[in-house]
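Okay, structure first, notes after.
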Amino acid sequence: MSSISNLKYFLEVSITTFISFSLLYVIWIFFIISSETASGFNGSIMYVPHAARVLTICYFGIAAIPALYVAHVTCTFLIGGLYGLNNLPLFDLLGTSFLSTVCVLIALYAMAGLGFKIRTLPFYEFTKDSVYLDLRNHKHIIMVTVFSAAVHSLSLYVYNYLRAISSNPEMFVRFFVGDILGTLVTIFTLSFMLFAFFRER
């Protein structure tokens with residue numbers, strides 16, 4: 001690939017990633033978080049923006065990370081702050097956003113260590129016995145979702161505990177369950193919509 005082609009690809013990935021995360025964040029705010037309390041907020045029980053993390057990192061690899069990070073910080077600061085969901089200082093907002101952004105990538109490397117591989121994962125030497133993750137297979141997407149939800153919830157819980165932000169174990173449970181439910185609902189909704197669209201055609 002030439003430099004121009006690389007730049008064009010990076011810009012396309014960045015725009016797609018930013019819009020995808022922002023759109024799911026807005027949907028989450030208006031249709032889901034309205035039924036949950038922002039007082040003592042310890043994580044949503046259905047966090048649909050996690051689907052954007054899973055799908056963009058799986059399909060685009062590390063090229064999606066910068067835009068995903070910017071989208072996370074922007075949405076949390078502007079929209080989340082407006083709805084009282086962000087009371088973090090800027091340093092902690094940047095720190096938690098970084099952990100949230102790389103959780104899927106870390107999960108993919110953990111899965112690579114267990115014998116799974118994905119074409120968008122760089123800097124890892126796979127063996128001939130490694131099994132490719134098929135992104136058209138819902139079971140494989142669910143595996144990535146569960147692994148990344150575990151990494152995300154654990155890393156944020158440890159960060160919040162060390163920074164004395166929160167030590168409530170409910171946060172770990174809600175982040176873990178919320179990421180999984182939110183991603184599954186989003187993916188199956190998109191699958192149903194695409195199936196209905198192509199069936200009509």
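Observations on the structure shown:
- Inter-residue pairs, beta-carbon under 7 Å, first closer than 17 Å to Tyr9 by Cβ and in the stretch 50-62, second among the small types (Gly, Ala, Ser) and surrounded by 23 or more Cβ atoms within 10 Å (Cβ to Cβ), 6+ apart: Thr56/Ala64; Ile57/Ala64
- Matching residues, the stretch 71-95, being assigned to a helix (DSSP H, G or I), among the aliphatic types (A, V, I, L, M) and buried (at least 17 other Cβ atoms within 10 Å of the Cβ): Ala71, Val73, Ile79, Leu93
- The single condition from (1) assigned to a helix (DSSP H, G or I); (2) at pLDDT below 90 that Leu55 fails is (2).
- Test: residue in the stretch 106-126 that is aliphatic (A, V, I, L, M), assigned to a loop (DSSP other than H, G, I, E, B) and touching a His at 6+ places or on another chain (Cβ under 8 Å): no
The values are calculated or read from the model by the stated rules, or taken from the named source; none is laboratory data. All figures in this text were calculated on a predicted structure; none of them were measured in a lab. Quick reminder, even Gly has a Cβ in these numbers, built from the backbone with ideal geometry, and neighbours come from all protein chains shown.
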